[in-house]
Amino acid sequence: MLQSLALAQPCRRQSPVWRRRTGQANPADPVAVASNHADGTEAPADSFEALIAQLEIRLKDNPKDAKGWGLLGRSYVAMGRMDDAAKSFASAVELTDPPDADLIGEYGETLVAAAGGRVVPAAEAAFKQILAIQPDDPRARYYLALAYLEKDDRPGAIQALKTLLASAPPKAPWADTVFERIRSEEHTSELQY
């Protein structure tokens, strides 16, 4: 799906591809931990769905629980319910003060996933909000580079990706993803001309 999700900071939050890349639940993610048995095996889907239903009920009673909305968003992501996840993350972002760049990133990534990999205007706005908080955030910079593609500006996207790659610290886990995307976009440009 979205290779770009590797840019997220998986040690802080569960990203949609964390489990796919590592084969394990992120131990820092309470949703992932709750959906696993003590022996490491996954709980049956109906148990996970029951936990989600309990959380939904809790949020109806306490709709101002930003952490609960974030947890529900992550739960929906785990279930592949991206539209519901985006709505939950939107609530969490709105209720969180001061703004949390990681949470906004989860919201933006979920919007991209729900749009089939396109950086829609709401996602672009979320990533711009992250840069206002953390100007060097690689995830936000990556998606904003991809937003150039939505405006049919492949050269702008390639330049933004190259600038991001040039700023990568040694052995950045996301650098290979950016490099491969640059190669892919350059190849596409060559085919078009």
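Remarks
- Probe 1.4 Å - accessible area at Ser184, Å² to nearest ten: 60
- By accessible area with a 1.4 Å probe, ligands and nucleic acids excluded, highest first: order of Tyr107, Tyr148, Tyr142: Tyr148, Tyr107, Tyr142
- The Cα-based radius of gyration of segment 110-193, divided by its Kirkwood radius, gives an Rg/Rh of 0.96.
- Exposure check, 1.4 Å probe, all protein chains in place: Trp174 carries approximately 20 Å² of accessible surface.
- Here the extension length gained between Met79 and Arg58 equals 5.7 nm, from 0.36 nm per residue of separation less the Cα-Cα distance.
- Of the cross-linked pairs Lys128/Lys171; Lys128/Lys151; Lys67/Lys87; Lys64/Lys87; Lys60/Lys87; Lys87/Lys128, those separated by over 23 Å at the C-alpha level are Lys128/Lys171.
- Extension gain for Ala66 to Phe179 (0.36 nm times residue separation, less C-alpha to C-alpha distance): 37.1 nm.
- With each label modelled as a point 7 angstrom along the Cα→C-beta vector, the Lys128-Glu49 pair spans 4.0 nm.
The values are calculated or read from the model by the stated rules, or taken from the named source; none is laboratory data. Note that this is a predicted model, so its numbers are computed, not measured. We place every Cβ from the backbone using ideal geometry, glycine too, and count neighbours over all the protein chains shown. Only protein heavy atoms, including side chains, enter the accessible area calculation; ligands, DNA and RNA are left aside. Shrake-Rupley method; radii C 1.70, N 1.55, O 1.52, S 1.80 Å.
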